[in-house]
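The values are calculated or read from the model by the stated rules, or taken from the named source; none is laboratory data. Note that the structure is predicted; figures quoted are calculated from it, not measured. Glycine gets a Cβ as well: all are built from the backbone with ideal geometry, and neighbour counts include every protein chain shown.
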């Protein structure tokens with residue numbers, strides 16, 4: 001297995017060959033990672049550093065002659081404010097888990113983007129904001145939102161799981 005340490009956004013990120021953890025996007029985009037012409041493109045990237053969460057889209061990494069990757073471009077997204085989290089474990093066959101998120105957008109003139117990934121027993125979720133392309137002035141007030149996201153628990157064993165959403169945490173148990 002070919003392992004690389006990549007310094008991305010001032011952080012070290014482990015890249016396993018060209019297999020980067022692909023995020024499940026709520027936008028149902030299946031093209032999360034692409035390697036073409038010595039450039040690795042990652043549509044959604046969650047970066048965790050201590051208690052700080054960052055969300056990037058359209059990350060482009062160029063492969064250097066020595067095999068390392070260099071960040072060419074990335075768009076950092078502002079995170080929406082999360083006020084309340086809930087998890088519902090639905091005892092169907094197979095079991096389903098839904099994550100409820102309530103919070104505030106910084107303004108009504110942004111659209112929410114979500115990305116979800118899992119490492120071990122921890123799900124990482126980001127709710128980012130993308131400004132809408134509008135020709136009218138936007139009122140500068142917070143705008144409440146409520147969304148429900150399915151968490152992919154298919155094939156996971158019974159146990160305790162943690163969900164981190166924009167830095168806030170909630171846990172749940174699979175029986």
- For the stretch 132-146, enumerate the residues that are free of Cβ contacts under 8 Å to residues at least 60 places away in the same chain and either outside any strand (DSSP E or B) or surrounded by 13 or more Cβ atoms within 10 Å (Cβ to Cβ) (or both). 132, 133, 134, 135, 136, 137, 138, 139, 140, 141, 143
- For the stretch 68-79, does any single residue satisfy the condition of being in a loop (DSSP other than H, G, I, E, B) and assigned by TED's automatic domain parsing to the domain that holds residue 39? yes
- Query: Among the numbered criteria (1) modelled with pLDDT of 95 or more; (2) more than 22 Å from the chain's Cα centre (by Cα), which single criterion is violated by residue 94?
  - Reply: (1)
- Cβ pairs under 7 Å, 6+ apart or interchain, first in the stretch 99-121 and part of a loop (DSSP other than H, G, I, E, B), second crowded, with 18+ Cβ neighbours inside 10 Å, ordered by first then second residue, are 106/129; 121/161
- Task: Go through the residues of the stretch 43-61 one by one and say whether even a single one is more than 15 Å from the chain's Cα centre (by Cα), surrounded by 13 or more Cβ atoms within 10 Å (Cβ to Cβ), assigned to a strand (DSSP E or B) and on the phi < 0 side of the Ramachandran plot.
- Result: yes
- Does residue 94 qualify as being over 13 Å from residue 145 (Cα atoms), exposed (fewer than 14 other Cβ atoms within 10 Å of the Cβ), free of Cβ contacts under 8 Å to residues at least 24 places away in the same chain and out of contact with any strand residue (DSSP E or B) (no Cβ under 9 Å at 6 or more places or on another chain)? no
